[in-house]
Ligand SMILES: Cc1cc2nc3c(=O)[nH]c(=O)nc-3n(C[C@H](O)[C@H](O)[C@H](O)COP(=O)(O)O)c2cc1C
C-alpha cells in the first residue's frame with residue numbers, strides 16, 4: 001500500500017478475532033510510534049495483554065469491546081519532560097507550553113502506530129474517553145505521567161464500516177493564500 005492508501009484505508013476497528021498479536025508485531029508498532037515528530041520524547045507505552053488488566057481498562061473506559069482485543073496499548077505522556085532543566089524547551093521558557101506539547105507528541109505517535117498497524121493488516125481504535133485516574137492506576141503510571149489514549153490492537157473480525165469525511169472546503173480557509181498572490 002502507498003502511504004495515501006494506508007491513510008485512507010485505516011478505519012476504527014471495534015471487533016477482533018481471537019487470533020493473537022505477537023510481541024514482534026507490537027514491537028514494530030511501538031518502534032514506528034517513536035519516530036513521530038516529538039518535542040521531548042515524552043511518550044510512555046504500556047502493553048496490556050493479560051485478561052485482568054484488559055478488563056480493568058475496559059471498565060475505566062466503560063467500553064467493553066476493548067477487552068476483546070488481544071492487546072491494548074496504553075499511551076501516556078510524561079507531562080514534566082518539557083520542564084526538566086536539561087530540556088531545550090526549559091532554556092527557551094517554552095516548557096510553559098508543555099500542556100499542548102505533550103498532547104501533540106503523543107497524538108503524533110499514536111497516529112504513526114495506527115498507520116503502521118493498518119499496513120500490517122491489524123485493526124486499531126483510538127480510545128480517548130476513559131477515567132484517567134483508573135487507567136493510570138491500572139497500568140501503574142507514576143504521578144506526572146498522564147494517560148492520553150488507549151489503542152486496542154487485533155485482527156479485524158469484519159471489514160470496518162466505510163465512513164467518509166466532510167468536504168475539504170469545510171476545513172480549509174484559502175483567504176490568506178489568495179492575498180499572497
Ligand atoms: C481523540 C480521540 C478520541 C476517541 N475516543 C474514542 C473512544 O473513546 N471510543 C471509540 O470507540 N472511538 C474513539 N475515537 C475514534 C473515533 O470515533 C473515530 O476515529 C472517528 O469516528 C472516525 O472514524 P475512523 O477512525 O474510522 O476514521 C476517538 C478518536 C480520537 C481522535
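No lab work stands behind these numbers, since they all come straight from the coordinates. This is a predicted model, so every value here is computed, not measured. As a convention, Cβ positions derive from the backbone with ideal geometry for all residues, glycine included, and neighbour counts pool all protein chains shown.
Side notes on the structure shown:
- Every condition in (1) out of contact with any helix residue (DSSP H, G or I) (no Cβ under 9 Å at 6 or more places or on another chain); (2) within 16 Å of the ligand (Cβ to nearest atom) holds for residue 9 except the one numbered (1).
- Contact map, region 120-134: first residue touching a residue at least 12 places away in the same chain (Cβ under 8 Å) and within 9 Å of residue 61 (Cα to Cα), second residue more than 6 Å from the ligand (Cβ to nearest atom) and in a loop (DSSP other than H, G, I, E, B), Cβ cut-off under 9 Å, separation 6 or more or different chains; pairs are 129/62; 130/62; 131/62.
- Region 98-132, residues that are under 26 Å from residue 20 (Cβ atoms) and part of a loop (DSSP other than H, G, I, E, B): 120, 121, 122, 125, 126, 128, 130
- So residue 38, is it over 17 Å from residue 154 (Cβ atoms), touching a strand residue (DSSP E or B) at 6+ places or on another chain (Cβ under 6 Å) and either loosely packed, with under 12 Cβ neighbours inside 10 Å or touching a residue at least 40 places away in the same chain (Cβ under 8 Å) (or both): no
- Selection of region 45-66 for residues being outside any loop (DSSP other than H, G, I, E, B), more than 13 Å from residue 26 (Cα to Cα) and in contact (Cβ under 8 Å) with a residue 60 or more places away in the chain yields 53, 56, 57, 59, 60, 61, 65, 66.
Listed here are the residues, each with its yes/no results for (1) outside any strand (DSSP E or B); (2) closer than 17 Å to residue 114 by Cα; (3) within 15 Å of the ligand (Cβ to nearest atom); (4) out of contact with any helix residue (DSSP H, G or I) (no Cβ under 8 Å at 6 or more places or on another chain).
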site	(1), (2), (3), (4)
134	yes, no, yes, no
146	no, no, yes, no
152	no, yes, yes, no
166	yes, no, yes, yes
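- Looking only at residues in region 12-35 that are touching a helix residue (DSSP H, G or I) at 6+ places or on another chain (Cβ under 8 Å) and surrounded by fewer than 16 Cβ atoms within 10 Å (Cβ to Cβ), the one that is farthest from residue 147 (Cα to Cα) is 15.
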